[in-house]
Amino acid sequence: MSEHGPSEQPASPGGGRGGVVRGVSGNMVTTAFAGQVRMNEVAYIELADRKGAAIRLKAEVIRIRNGECDMQVFEDTRDIQVGTRVSFTGELLGIELGPGLLAMTYDGLGNPLDELAVKCGYFLQRGVYLPTLQRTRRWAFTPVARPGQRLAAGHALGTVPEAVFQHRIMVPFGIVGQVEVVEVAAPGDYTVDHVIAKVRLLATGEVRSVTMVQTWPVKRPIRAFAERLLPTAPLTTRTRIVDAFFPVAEGGTACVPGPFGSGKTVFQQAVSRFAEADIVIVAACGERAGEVVETLREFPELIDPRSGRPLMERTIIICNTSSMPVAAREASVYTAVTLAEYYRQMGLRALLLADSTSRWAQALREMSGRLEEIPGEEAFPAYLGSLIAAFYERAGLVRLEDPNLGAARGSVTLIGTVSPAGGNFEEPVTQSTLAVVGCFLGLTYARSYAKRFPAISPIESWSKYLERMRPALDAAYFPGWVDTVGRLQQLYVAGQRVADQMKVVGEDDLSLPDFVRYLSSELVDAVFMQQNAFSEVDASPSNARTALLLRLTSEVVEFDFGFATKDEARSTFTELTAAFRDWNLAAQGSAEYDDHLGRIHRRLRGGDRASHAAVAHA
Ligand code: ADP
Ligand code: MG
């Protein structure tokens, strides 16, 4: 229902309006109010602690009817009683946007979590809210717009350096129509609250002061771009099975479902470190507390393999644990995607990793239950599918047209994990997600149990982007890459069919060609699809290295060795698999690298070259 979606109601007449609590049910509070209240409006529940000091608990309006509204409270609701006072702010649930977001860790509401909180694994005290952006830090502002210029929402007024990027200070996204620049600040160091420009709205003549910070309602997409583009280029993750067989598009979406322990978090972390993105936003919403703290502890120490700078400089972590109120989890996915959209507006490639969206869906289910809505499948709200669709629609590749900075492309790529109970992909969250994403990376228990990591199923997974990205992929690896990948995949599937057969009839009754098919399939799996996320070398191969590995792998499996016996075939494949696996772990330029490559080449020179499908060399 639209009740949870972005509201299109007109702005209400400012804050200060009051209400009174009529009922409390878990994290939901029903409040009677006079006047006007709008959907997703923020309200504070006014309490006093035991010593009589005021505590204000943040809440969001999620349903309005007959002079009462239901609010989800982002805090523990103890001590709230019938009669407790509520004040409405007139503001939608929003997040501050501006320089200083990078390298930060926030909770779902945009409260910065300091290092101490992160290290000790505790979060803010009830009713404590901190500004998202630091107020005292100064940023070196360079104007780009000139007085008299006509601009629109999203156009840059100036820039400040943030990490390795030029952070654009833009005409606020909420401004409708054109503005005329009245004045722009001179180059200098300013805090985020300093007025860096004044603009006149052409429609009304009103003059607005613009600072480096604007607040944006998290449930509304930021649309201050010229045009949406069809994603046609890959977002390289450096996880081979993904990049080759089930590639994710830059500006595309992917769903990563998997049972507990199948490697979702390890995969997300590998992607967050190695993916070819400018900005990475990790939304750790509602996983086990210990795991989240682990993520946070590790991150600050990691070095970006490409820039040699701390990975944290290009990362924002949004962190809620399963011990926090469900409403905070719901907010955190929206906060995270809003941050991603914000950096997309600067012409950057933002990657959002949401782990796990099931926890978010559970939060929706809980609130829906409290609202006594008519439940859909497995008691999830009937509108679960449309909420999930609306969330993934916020991904995308866009074209930006800036009068002063020129044309650019920006993107939000969205990868969400789902943790279906028992690994059953038929459940509503997985199914609703699969209906809208472009790429499905299904982690299976069978593969993780067999220690075939990453446990992404080569049979069940798919990517709708593969064909559309053919030119870009062939350019990134080598001409004919997509075809070679296709042949390997067919070969893999054929060999796995033999493997299934073998479970029934045993090895002895297999023909020699079928047995070689099986061995080839296992080799493709062992040397190309599997990858050790804990090996510095194997975890992030370059495109060139992946291209060479794919060439060699296909050369091996399409090579006619002229085996006389199964034993001979087995020993050859065992030897080759070992050589490849050693090579995958050897750093480029090392003596081992050449040694292991030599082992592979020598083994290939021993037999006859298959005439039908020898792979072209570079
Ligand atoms: P989930 O988040 O799905 O519950 P995890 O990501 O925590 O699962 O993974 C569980 C375990 O599986 C890890 O602790 C690790 O030992 C192993 N594992 C997962 N992925 C890999 C990988 N790519 N390489 C090596 N080991 C892995
Ligand atoms: Mg996990």
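The values are calculated or read from the model by the stated rules, or taken from the named source; none is laboratory data. None of the values given here were measured: they were computed from a predicted structure. Cβ placement follows ideal geometry from the backbone for every residue including glycine, while neighbour counts extend to all protein chains displayed.
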Please tell me if Val557 is in contact (Cβ under 8 Å) with a residue 24 or more places away in the chain and over 21 Å from Pro479 (Cβ atoms).
-> no
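Go through the residues of segment 541-560 one by one and say whether even a single one is at positive phi and in contact with a strand residue (DSSP E or B) (Cβ under 7 Å, 6 or more places away or on another chain).
no
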Between residues in segment 340-369 that are within 13 Å of Phe391 (Cα to Cα) and in a helix (DSSP H, G or I) and residues that are away from ligand 2 (no atom under 15 Å from the Cβ) and of a type in the set (Lys, Arg), which pairs lie under 8 Å by C-beta distance while being six or more apart or on different chains?
-> Ala340/Arg394; Glu341/Arg394
Assess whether Asp79 counts as being on the phi > 0 side of the Ramachandran plot and surrounded by fewer than 17 Cβ atoms within 10 Å (Cβ to Cβ).
-> yes
Yes/no for Glu378 being of a type in the set (Asp, Glu), in a loop (DSSP other than H, G, I, E, B), more than 29 Å from Leu133 (Cβ to Cβ) and more than 16 Å from ligand 1 (Cβ to nearest atom) = no
Does Val485 satisfy being in contact (Cβ under 8 Å) with a residue 40 or more places away in the chain, touching a helix residue (DSSP H, G or I) at 6+ places or on another chain (Cβ under 6 Å), buried (at least 18 other Cβ atoms within 10 Å of the Cβ) and part of a helix (DSSP H, G or I)?
-> yes
What is the residue count in segment 251-266 for residues that are more than 6 Å from ligand 1 (Cβ to nearest atom) and of a type outside the set (S, T, N, Q)?
-> 7
Give the number of residues within segment 321-356 that are within 16 Å of ligand 1 (Cβ to nearest atom), surrounded by 24 or more Cβ atoms within 10 Å (Cβ to Cβ) and farther than 21 Å from Ile222 by Cα.
-> 2
Taking Pro305, is it of a type outside the set (A, V, I, L, M), assigned to a loop (DSSP other than H, G, I, E, B) and more than 26 Å from Ser419 (Cβ to Cβ)?
-> yes
Can you name every residue in segment 267-281 that is within 13 Å of ligand 1 (Cβ to nearest atom) and of a type outside the set (Ser, Thr, Tyr)?
-> Phe267, Gln268, Gln269, Ala270, Val271, Arg273, Phe274
How many residues of segment 279-302 are more than 16 Å from ligand 2 (Cβ to nearest atom) and at pLDDT below 80? The answer is 3
Find the strands (runs of 3 or more DSSP E) located wholly in segment 205-278 whose residues include 3 or more that are away from ligand 2 (no atom under 16 Å from the Cβ) and buried (at least 18 other Cβ atoms within 10 Å of the Cβ), and list them.
-> 214-217
Failed criterion for Val61 (all others in (1) aliphatic (A, V, I, L, M); (2) crowded, with 22+ Cβ neighbours inside 10 Å; (3) touching a residue at least 40 places away in the same chain (Cβ under 8 Å); (4) assigned to a strand (DSSP E or B) hold) | (3)
Find the residue count for segment 60-101, including only residues that are closer than 12 Å to Val37 by Cβ, modelled with pLDDT of 95 or more and among the small types (Gly, Ala, Ser).
-> 1
Determine the pairs where a residue that is touching a residue at least 12 places away in the same chain (Cβ under 8 Å), located within segment 259-288, has a partner that is of a type in the set (Asp, Glu) with Cβ atoms under 6 Å apart, the partner being 6 or more residues away or on another chain.
-> Gln268/Asp355; Ala284/Asp355
Please tell me if Thr211 is hydroxyl-bearing (Ser, Thr, Tyr) and within 16 Å of ligand 1 (Cβ to nearest atom).
-> no
In segment 442-478, how many residues are closer than 12 Å to Gly263 by Cα, touching a residue at least 24 places away in the same chain (Cβ under 8 Å), over 19 Å from the mean Cα position of the chain (by Cα) and not in a loop (DSSP other than H, G, I, E, B)?
-> 3
